[in-house]
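The values are calculated or read from the model by the stated rules, or taken from the named source; none is laboratory data. Since we're looking at a predicted model, the values are computed, not measured. Reconstructed Cβ throughout: ideal geometry from the backbone, glycine too, with neighbour counts over all protein chains shown.
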Amino acid sequence: MQVKLAVLGTSLVLAQLFAFTALNSTHSSPAVPGIDAPELAALGPFPVGVRQVTIGDDQPIPVEVWYPAESTEDAEAATYVVTFPAVPGRSEPISYRVPGIAIRDAAPVAETFPGVVISHGFMGHEYQLSYLAENLASKGYIVAAVDHEDGPPLDPAALANAIAKRPGHQRAVFDWLKAGEGDIAVDPDQIALIGYSLGGLGGVVSAGADINTDGLLASMLPEGGSIFDADPLPIAAAVLIAPWGGQAQWQAWTGTELSSITAPLLFIAGSHDDVSGYTDGVRSLFDRTTGSDRLMLVFDNARHNLGGNPPPPEAATAFQLTEAFAEPVWRKDRIIAINQHFITAFLDSELKQDHAKRSYLELPTVRSNDGTWETPPGVPNDGSYAAGSGTTENYWRGFQRRWALGLELHRAEAKPTDISEQETN
């Protein structure tokens, strides 16, 4: 009887666990970090509102805006409906839903906040990084994510057109944020740009690196357009997640062009990125943006899918969705939480001048695996965070014991570089 009861009890526990996991995977917003998230991933003090706007007249640009909101108790959170386009091997598009925490058209808080422009990857959409947009809005940012409306995906000219329009769209959203819209007030001197993949390429241009007109990439792009004559945006900082275009084969930028960027930069890269490349790709961009104080967060053994939301439930029966969202080695919710943590530290430090957040970026070891947290034998892990002092002074601040693993954080300061040296890179 005791054995049967034990088995029954175990079954009940497992059933409850599976039910809880299923509920979280289908109904929880990816903006809400899990219990093992680094410290600064936690939501901020503000409820979040969201609204749709359209920018421009001749060629309207759809934009989704998240912002700190007044009390939203008893209001239903938004759900974002997205369509994954038809791809080779699947003739029909797939529609899916992304749960959110924001309240549609909630009243904004009557204060001025820093702004953030989000630019998605190729064939993405304005909700691709909603986990980050909602999370930052809860911390006192006004976040505007543009829908670049790429496609169709099987059109050979689609990629070139998508690249060409990124800087112009980013500028339009930046200018819109800077001007403010009625009851939404943005500090015009404190606006950052976050770009993922092709959005990161556009971000490099918007930050001040003109496309090399003699390179292979330039020869593939439509003549004229904002990508060739873009004046640098006066951004306060930029986050470039797996930015595309740094590979030597494309000759997108020379060292001279890249060194003209002066805004602080945070690169986020996978050490096995097979789309943007790592050594000949994101790492190359990090090494050559010598006019900027910059950081590079590396996920060891990650590929390219570091920017977007987690796979929707529909990915369980559609591998194209899995491959577009998930990572072979890393849990996607873990990637998201780490992004939220480091991007919060970076933007708070640069846009809010919250100097205390710099200690989350000035870490004792480049490789997280080399950090040490001294504890007596048998002490249980209570989930507390390394504080950068005492017994945790050699561990990555903001991470739980044993949980800072598989990461690198590189730092480089702006310095003058000989032009002849730049041209050889």
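I'm trying to understand the selection: among the residues of region 119-135, which are part of a loop (DSSP other than H, G, I, E, B) and within 20 Å of A345 (Cβ to Cβ)?
L129
State yes or no: is L285 modelled with pLDDT under 95, in a helix (DSSP H, G or I) and hydrophobic (A, V, I, L, M, F, W, C)?
No, not satisfied.
For region 407-423, what are the residues that are surrounded by fewer than 18 Cβ atoms within 10 Å (Cβ to Cβ) and either within 30 Å of P328 (Cβ to Cβ) or modelled with pLDDT of 95 or more (or both)? Write out each step before concluding.
As a first pass, look at region 407-423 and keep what is surrounded by fewer than 18 Cβ atoms within 10 Å (Cβ to Cβ): 410-423.
Across region 407-423, the qualifying residues are H410, R411, A412, E413, A414.
Just a yes or no: is a residue in region 54-67 at pLDDT 95 or above and in a helix (DSSP H, G or I)?
no
Just a yes or no: is a residue in region 187-200 modelled with pLDDT under 95 and not in a strand (DSSP E or B)?
No.
More than 21 Å from the chain's Cα centre (by Cα) and closer than 24 Å to R283 by Cα - does that describe any residue in region 167-175?
So far as region 167-175 goes, no, none of its residues is more than 21 Å from the chain's Cα centre (by Cα) and closer than 24 Å to R283 by Cα.
Quick check: is even one residue across region 147-162 assigned to a helix (DSSP H, G or I) and either crowded, with 21+ Cβ neighbours inside 10 Å or modelled with pLDDT of 95 or more (or both)?
yes
Exactly one of (1) touching a strand residue (DSSP E or B) at 6+ places or on another chain (Cβ under 7 Å); (2) under 19 Å from E181 (Cβ atoms) is unmet by Y96. Its number?
Only one criterion is unmet by Y96, namely (2).
Suppose the filter is within 25 Å of E111 (Cβ to Cβ) and touching a residue at least 60 places away in the same chain (Cβ under 8 Å); does K139 pass it? Reasoning before the result, please.
Working: within 25 Å of E111 (Cβ to Cβ): yes; touching a residue at least 60 places away in the same chain (Cβ under 8 Å): yes.
When the stated conditions are applied, K139 passes them.
Only one of (1) surrounded by fewer than 21 Cβ atoms within 10 Å (Cβ to Cβ); (2) in contact with a strand residue (DSSP E or B) (Cβ under 8 Å, 6 or more places away or on another chain); (3) under 22 Å from I163 (Cβ atoms) is not met by L265, so which one is it?
All conditions pass for L265, except number (1).
Among the residues of region 303-320, what is the count of those that are within 9 Å of K332 (Cα to Cα) and without any contact (Cβ under 8 Å) to a residue 24 or more places away in the chain?
Adding up the residues that qualify gives 1.
Within region 91-101, is there a residue that is under 24 Å from P33 (Cβ atoms), at pLDDT 95 or above, in contact with a His (Cβ under 9 Å, 6 or more places away or on another chain) and of a type outside the set (F, W, Y)?
Looking for residues that are under 24 Å from P33 (Cβ atoms), at pLDDT 95 or above, in contact with a His (Cβ under 9 Å, 6 or more places away or on another chain) and of a type outside the set (F, W, Y), one finds at least one in region 91-101, hence yes.
Here is a list: S276, S260. Which entry is of a type in the set (S, T, N, Q), buried (at least 19 other Cβ atoms within 10 Å of the Cβ) and in contact (Cβ under 8 Å) with a residue 24 or more places away in the chain?
Going through S276, S260 in turn, just one is of a type in the set (S, T, N, Q), buried (at least 19 other Cβ atoms within 10 Å of the Cβ) and in contact (Cβ under 8 Å) with a residue 24 or more places away in the chain: S276.
Here are V116, V82: which of them is among the β-branched types (V, I, T), farther than 30 Å from K352 by Cβ and either assigned to a loop (DSSP other than H, G, I, E, B) or in contact (Cβ under 8 Å) with a residue 40 or more places away in the chain (or both)? Can you show your working first?
Values: V116 fails: farther than 30 Å from K352 by Cβ.
Exactly one of V116, V82 is among the β-branched types (V, I, T), farther than 30 Å from K352 by Cβ and either assigned to a loop (DSSP other than H, G, I, E, B) or in contact (Cβ under 8 Å) with a residue 40 or more places away in the chain (or both), namely V82.
Within region 38-74, can you find the residues that are buried (at least 22 other Cβ atoms within 10 Å of the Cβ), closer than 30 Å to A387 by Cβ, aliphatic (A, V, I, L, M) and touching a strand residue (DSSP E or B) at 6+ places or on another chain (Cβ under 9 Å)?
V48
Name the residue that is farthest from A386 (Cα to Cα), counting only residues in region 352-371 that are basic (K, R) and within 20 Å of the chain's Cα centre (by Cα). If you could, list the steps in order and put the result at the bottom.
The first filter runs over region 352-371 and keeps only residues basic (K, R), leaving 352, 357-358, 367.
Next, only the ones that are within 20 Å of the chain's Cα centre (by Cα) stay: 352, 357-358.
Working: K352: 23, K357: 14, R358: 15 Å.
Top of the filtered list is K352.
Collect the residues in region 367-397 that are surrounded by 15 or more Cβ atoms within 10 Å (Cβ to Cβ) and β-branched (V, I, T), keeping them in residue-number order.
Across region 367-397, the qualifying residue is only T392.
From the residues in region 307-364 that are of a type in the set (F, W, Y) and buried (at least 19 other Cβ atoms within 10 Å of the Cβ), which one is farthest from D189 (Cα to Cα)?
W330
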